[in-house]
Structure formats: C-alpha cells, structure tokens
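The values are calculated or read from the model by the stated rules, or taken from the named source; none is laboratory data. This structure is a prediction, so every number in the text was calculated from the model and none was measured. Cβ placement follows ideal geometry from the backbone for every residue including glycine, while neighbour counts extend to all protein chains displayed. Heads up: the accessible areas ignore ligands, DNA and RNA and are worked out on the full protein's heavy atoms, side chains in. Shrake-Rupley method; radii C 1.70, N 1.55, O 1.52, S 1.80 Å.
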Amino acid sequence: MKRSVLAACGATALATALLTGSVVLGTSATARPAPEPHAAGLHQARVQDDFDSLGPEVQAAKLSSGRTAHYIDEGPRDGKPVLFMGGTGTSARAAHMTDFFRSTRESLHLRLISVERNGFGDTAYDKDLGKADFAKDALEVLDRIGVRRTSVIAISGGGPYAAELAARAPQRIEALHLAAALPPYGKKPDYCGVPDEELGKQLAPVLADPRKWWAFPDDSPTKQIPGFADTAYEEGARTYNQRGQKADPAPQVHEQKLYCERPGPDLSKLTAPVFLYSGKKDTTVPPSTIDTWRQHLPGKPVVRSYADSGHDVQYRHWDQILVDLAGFTDRTVICVNGHSEMAKAAAAEKLVSGGRATLGSCAWQKTGE
C-alpha cells in the first residue's frame, strides 16, 4: 500500500513537472531550466475549447415522396431564415462561397438554408423531376426544420426555381432577392434547340474541370477574396463528383433544359417585396433581364444596378444583399474614412457621388495593402 501511494505521488509530481516545463525526460538526473517561451508569450496563446467551423454541414432528410433531400442549415436557430438558391451546377454547400462575409452575416443574425437540386452533389439524379418538384421538396425541408416564412436569395440559375417556389407558396415568402438571376420568361436561351446528347458533349469538358466551370474573368472582384477561387473549384468538384458520378453531364443538361420551359409561373399572388441586383457588365444574365422580371412581378421591385460588376455582382455586393436580407433595406453599405458603414441611403448616395465614399465594405479597398 505504501509503495503504491508513493508511486501515485511520483506520477502526480511528474505530470505537474511536465506541465510546468521543469523536467526533461532522459537519462540525466539533473533538471534543466524551462526554456523561455516565445516572444509572443504563453499568456497570449490559447487552446480553444470549441471547434472552428469548416463550413456548413450537409444534412439529409427522407421526404414524403420517398426522395432524400440534402440541405444545409447554418446560423442561429432563432435567426432570420434565408433560403439560398445557388446558380446552375451548384450543390447545397455553394453558400459556403459567401463566407468571406460570414462575420457580417452572423452579426445580422441570419439563418442560411439551402436545399440541393436534382442530380448535384449528394442528391441522386432523376430525369423525371422538374422545378415544381424542387419547390415542393424545399418547402418540406423548411417544414422539417420549423421554418414557416423565409426570405429567398436566388443567384443566376437559381432564378427559375425561386419563381417556382414564389408561385407555389407566395404566402411563405418574406422577401424575394434575385441576384443576376435568370428569368423563366422572355426569350429562350440559345442552347434550347440543341439535342441533349450534343449539349452534353459540349458541357462535358467544362464540368470535368471545375477551374473552367468557375473561371471568372481576370478583372473580376472575386480575385480580391482570399481563397475564393479554390473554394469555388472545390464546390465544382463536389457538385459533379460527390457521389462518384464522375462529372456525368446528364443532370446539368436536364437543368439547363428546364430553363427553356415557357411560360414561366404566374407570380401575380406574390405580395412580398422583391429586390433585383444586376451587374452592368453581365453578359450571362444581361441587365435587360431586369425589364423581363419587371413584366412578370407584381408591384414595383427595388433595383440595385452596379457598374463595377458583371456576372459576379452577387459576390461583389454580397454585403449589401446581406443587409437587405436582414431587413435594413433603407441602408446602403459604404466605405468611408477607412470604415465600413450602413448609412442611410440618401446620405450614402451623396457621399459616393462626391467621391468621399465607395460602395461596399472597406474590405474591397484593402486588397493589396
């Protein structure tokens, strides 16, 4: 008994000595003094108690239809719900590409939700599903996670799906935000007359290389965002290879052909406010589509048009979109005197036109410093 107690005491002393750095293990019986800590000081170092996020986690839900929906639900449970609809050829995790303003999103107490579309990422492909099926699935996911009303932000190819959802359940839309969003109205895209097999051959090389799929022009403001390109490439790889589908173009062909369907849904019962964001340099979803949306939306949408953007307006002005999503629609994000502000719209316009401020967060001005 006495021996075991001594052994235990010895072990405790050894552990204490190791933690304080006063003992060096080895053959020498002489203790060496602990080395001086790094100049930064141990008092400034910290081992965290919680994990840092690596981005949104994709969850799965078995639906009443028998299908499995994959979705993300990122942010506080009591936050303001926002349903994110990414562009064509994106997975549920595409919202991660907006995390360069995660701190802003969190400060605005937004809850970001995204439901994956047919054939992309984790979601199995079914050639018989259309936009109405996605709208139904998205609404069921919202029901599962306890969200009755939500704002919607649709980017690019997410536009036709947002219109479908708004037509199906207008009473559940708090506000509709469309950023460089393709309208399911007006002239059909040029590829609509191309046979599926031929369109698949045209798309195959691009889908196989995410660097081509996500190739923004050299002057794109996305080049200023640290890690944006690599995050986009990872998203492309996930979208077309996650289930081992090896960049099969069939889901992409199917989705693009859904964009050819006319007429688009009737939005006359939508009473929620609508916001349209457009880049004046956009050649993919050109500024003229704003008028197309206007012709099919009830009421008068708010239009935010930017000369500094092309088909990347949703990223360059994601800060403003977040502020709008949070309900501060009378505020404009500007950089003034080296600080980012949410100024009253009239004051912001005066400062920007007078050259004393720039649109958006000061982060856009700090690149290269």
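Below is a table of values for the structure above.
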| item | result |
| --- | --- |
| Positions within region 292-322 being of a type in the set (A, V, I, L, M, F, W, C) and under 15 Å from the mean Cα position of the chain (by Cα), in sequence order | Val313, Trp318, Ile321, Leu322 |
| Members of region 321-342 found to be under 14 Å from Gln365 (Cα atoms) and among the small types (Gly, Ala, Ser), listed by number | Gly338, Ser340 |
| Residue within region 83-91 that is farther than 21 Å from Gly244 by Cα and of a type in the set (S, T, N, Q) present | no |
| Strands (runs of 3 or more DSSP E) wholly inside region 253-369 containing at least 3 residues that are open to solvent by 50 Å² or more (accessible area, probe 1.4 Å) and either at negative phi or touching a residue at least 60 places away in the same chain (Cβ under 8 Å) (or both) | 302-306, 339-344 |
| One residue from Asp122, Asp99, Asp128 being in a loop (DSSP other than H, G, I, E, B), within 18 Å of the chain's Cα centre (by Cα) and either within 25 Å of Ser288 (Cα to Cα) or of a type outside the set (A, V, I, L, M) (or both) | Asp122 |
| Residue list for region 99-146, filter: closer than 22 Å to Leu325 by Cα, among the polar types (S, T, N, Q) and buried (at least 23 other Cβ atoms within 10 Å of the Cβ) | Ser114 |
| Given (1) touching a residue at least 60 places away in the same chain (Cβ under 8 Å); (2) within 29 Å of Pro205 (Cα to Cα); (3) surrounded by fewer than 15 Cβ atoms within 10 Å (Cβ to Cβ), index of the condition Gln245 fails | (3) |
| Number of positions in region 69-85 that are within 12 Å of the chain's Cα centre (by Cα) and over 29 Å from Tyr125 (Cβ atoms) | 0 |
| Region 103-131: number of residues that are free of Cβ contacts under 8 Å to residues at least 12 places away in the same chain and within 18 Å of Ser151 (Cα to Cα) | 1 |
| Residue match in region 78-92 (condition: in a helix (DSSP H, G or I) and in contact with a strand residue (DSSP E or B) (Cβ under 7 Å, 6 or more places away or on another chain)) | yes |
| Qualifying residue in region 141-150 (condition: touching a residue at least 24 places away in the same chain (Cβ under 8 Å), of a type in the set (Val, Ile, Thr) and assigned to a helix (DSSP H, G or I)) | yes |
